[in-house]
Amino acid sequence: MCEVNLGDSKALLVCQNGEVTAIGHKCTHYGAPLVKGALGNGRVRCPWHGACFSIKNGDIEDFPGLDSVPSFKVVVDGDDVIVETSPDELKSHKRTQPMARANAEKDSRVFLLIGGGGASVACAETLRQQGFEGKIILATREADYPYDRPKLTKAMSATGEELRLRSPEFYASNDIEVQLSKEAVGIDVTAKTVQFSDGTSIGYDKVLLATGGRPRSLDLPGSELKNIFLLRTPEQANDIISTAQGKNVVIIGSSFIGMECAATLAGKAASVTVIGRSKTPFAQVLGEQVGQALLKVQFSVWALGFVLVKSVNASMR
């Protein structure tokens with residue numbers, strides 16, 4: 001597996017089981033170089049977040065990410081490997097798979113997706129890619145179109161519009177109906193209906209519940225005071241980074257969300273201290289050995305503080 005130049009662009013050239021193929025060289029999620037990823041049986045996995053692409057046609061096979069990479073025709077002539085492409089194919093490292101359109105005369109079914117995150121968007125697109133011609137409704141309680149929530153810790157000043165996974169025009173052109181500010185409050189599995197906070201209900205043939213999680217708040221005296229934040233939405237991220245400028249910041253939680261927030265706020269806040277229940281950051285997900293290495297290296301680079309506690313049980317001042 002190697003990168004080859006194609007004019008001003010590049011391709012990922014793969015030889016597996018005697019067959020040579022060529023696909024786009026960058027992951028469509030955050031642009032990581034696939035040549036540094038892991039080559040498996042018929043697919044390559046991104047080195048950063050694990051998105052997976054077919055080495056034969058470039059189709060995305062595993063989240064995160066929504067788009068596929070382009071694939072190129074390969075001709076092997078003796079010792080020469082020739083990759084054939086065109087300028088149009090090299091304009092973007094992303095490719096959207098063909099999708100069906102809704103056809104109520106042929107398919108009257110309704111697929112209702114509850115939740116405005118990546119899972120609902122990926123489900124809607126997969127249904128259309130696999131030929132579903134019924135009605136697709138994506139209902140989210142948020143006022144923004146589905147956005148890339150994991151970026152909230154990295155781009156804390158970004159708006160929901162800037163973080164959108166797809167444009168409103170994309171949903172419209174693929175007959176995916178998006179209903180905003182639509183909070184589900186009940187479901188009747190016998191009648192196959194979902195009730196919403198605005199008093200309306202929607203009937204369905206199939207329903208996907210992909211509402212995600214909620215950040216845990218502190219059940220402590222003083223937790224309702226100003227300058228104490230949870231992180232779930234772009235507005236909350238905006239409030240955090242604007243308030244943190246030049247202030248002393250304390251972050252409770254030492255896994256990915258807490259540590260990514262710490263990295264973003266380092267250099268903007270006067271100080272950043274991370275409070276965790278394990279001996280090192282990331283201990284539960286990456287292990288103490290990796291966590292200890294990050295504690296030594298990254299905390300010195302970011303000038304962060306780290307405090308180990310068994311639990312947070314005192315009011316905050």
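The values are calculated or read from the model by the stated rules, or taken from the named source; none is laboratory data. Because the structure is predicted, anything quoted here is derived from the model rather than measured. Counting neighbours? That spans all protein chains shown, and the Cβs are built from the backbone with ideal geometry, glycine included. What goes into the accessible areas is simple: the full protein's heavy atoms, side chains included, and nothing from ligands, DNA or RNA. Shrake-Rupley method; radii C 1.70, N 1.55, O 1.52, S 1.80 Å.
Points to keep in mind about this one:
- Tallying residues that are within 16 Å of L12 (Cα to Cα) and assigned to a strand (DSSP E or B) within the range 45-79 yields 12.
- Condition broken by G258, with the remaining ones in (1) small (G, A, S); (2) farther than 17 Å from D239 by Cα; (3) touching a residue at least 12 places away in the same chain (Cβ under 8 Å) satisfied: (2)
- For the range 44-54, the condition of being closer than 30 Å to G134 by Cα and more than 23 Å from the chain's Cα centre (by Cα) holds for none of the residues.
- Scanning the range 26-39 for residues that are open to solvent by 30 Å² or more (accessible area, probe 1.4 Å) and not β-branched (V, I, T) gives K26, H29, Y30, P33, K36, A38, L39.
- Being at pLDDT 95 or above, on the phi < 0 side of the Ramachandran plot and surrounded by fewer than 16 Cβ atoms within 10 Å (Cβ to Cβ) is a description that does not apply to K91.
- If the condition is being more than 28 Å from A139 (Cβ to Cβ), surrounded by 12 or more Cβ atoms within 10 Å (Cβ to Cβ) and over 26 Å from the mean Cα position of the chain (by Cα), then the range 191-245 contributes L218, L220, S223.
- When V69, V83, V110, V121 are checked against the criterion of being farther than 30 Å from C2 by Cα and touching a Phe, Trp or Tyr at 6+ places or on another chain (Cβ under 6 Å), V110 stands alone in meeting it.
- Each residue in the range 140-188 was checked for being in a helix (DSSP H, G or I), within 23 Å of R214 (Cα to Cα) and open to solvent by 30 Å² or more (accessible area, probe 1.4 Å), and 3 pass.
- Any chance G115 is at positive phi and either acidic (D, E) or touching a residue at least 12 places away in the same chain (Cβ under 8 Å) (or both): yes
- Taken together, K182, K206, K192 contain a single residue that is without any contact (Cβ under 8 Å) to a residue 24 or more places away in the chain and either in contact with an Asp or Glu (Cβ under 9 Å, 6 or more places away or on another chain) or of a type outside the set (D, E) (or both), which is K192.
- Residue pairs meeting the criteria (Cβ under 6 Å; at least 6 apart or on separate chains; first within 14 Å of V76 (Cα to Cα), in the range 7-18; second assigned to a loop (DSSP other than H, G, I, E, B)): V14/M1; V14/I55
- Sole exception among (1) under 30 Å from E183 (Cβ atoms); (2) aromatic (F, W, Y); (3) touching a residue at least 24 places away in the same chain (Cβ under 8 Å) for F282, by number: (1)
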